[in-house]
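K.L.:
Below you'll find the structure I mean.
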Amino acid sequence: MNGLFTWFDSQKDTGYLILRVVLGVVLVVSGYFKLFVFGFEGVAGFFTKIDLFAIPLLAYLVPLLEFFGGIAIILGVFTRLLSVWIIVEFALIVVYVRPVLMTQGWNDVRVDILMVALGIFFIANGSGPRSLAAKFFPDKIWLQ
């Protein structure tokens, strides 16, 4: 059993990569729908429906940051910086949006809470060794 845990311990770099790619894919897919299916007007309409503040700015910012930020996270650049935005966006969703729309209780917020936790993880740890930032700019911690 000890050998199994030793092997898992040797795979931490792969773990960073998997978490980063999964987070990025979730963001890209979410941003894709906001950009190319609903459009900025649809996003603004939804934000108006739930009485969200700063509607015009957020209607453009959220889809663009989700789509292009997700791509950047997959590649492993600006992961820490984008994680600040992830924490803010998904904490806002948990605190402000979900209570308005909640129909299934815990099932409505669990993914959003995981997104906040992943944001905290990547702020603390950066994009990991298997990232473009670590490969090409290892001394630029702000880029990871």
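K.L.:
When segment 117-144 is examined, which residues are found to be assigned to a loop (DSSP other than H, G, I, E, B) and either exposed (fewer than 15 other Cβ atoms within 10 Å of the Cβ) or within 14 Å of the chain's Cα centre (by Cα) (or both)?
P.N.:
GLY126, SER127, PHE137, PRO138, ASP139, LYS140
K.L.:
Need a quick list: helices (runs of 4 or more DSSP H) entirely within segment 27-96 having at least 1 residues that are closer than 20 Å to LEU17 by Cβ, modelled with pLDDT of 95 or more and touching a helix residue (DSSP H, G or I) at 6+ places or on another chain (Cβ under 8 Å).
P.N.:
55-75, 79-92
K.L.:
For the subset of segment 97-112 comprising residues that are surrounded by 15 or more Cβ atoms within 10 Å (Cβ to Cβ) and closer than 20 Å to VAL25 by Cα, which member is modelled with the highest pLDDT?
P.N.:
Checked segment 97-112; the qualifying residue modelled with the highest pLDDT is ASP112.
The values are calculated or read from the model by the stated rules, or taken from the named source; none is laboratory data. Everything quoted here is computed from the prediction, not taken from an experiment. Cβ: placed from backbone, ideal geometry, glycine included. Neighbour counts: every protein chain shown.
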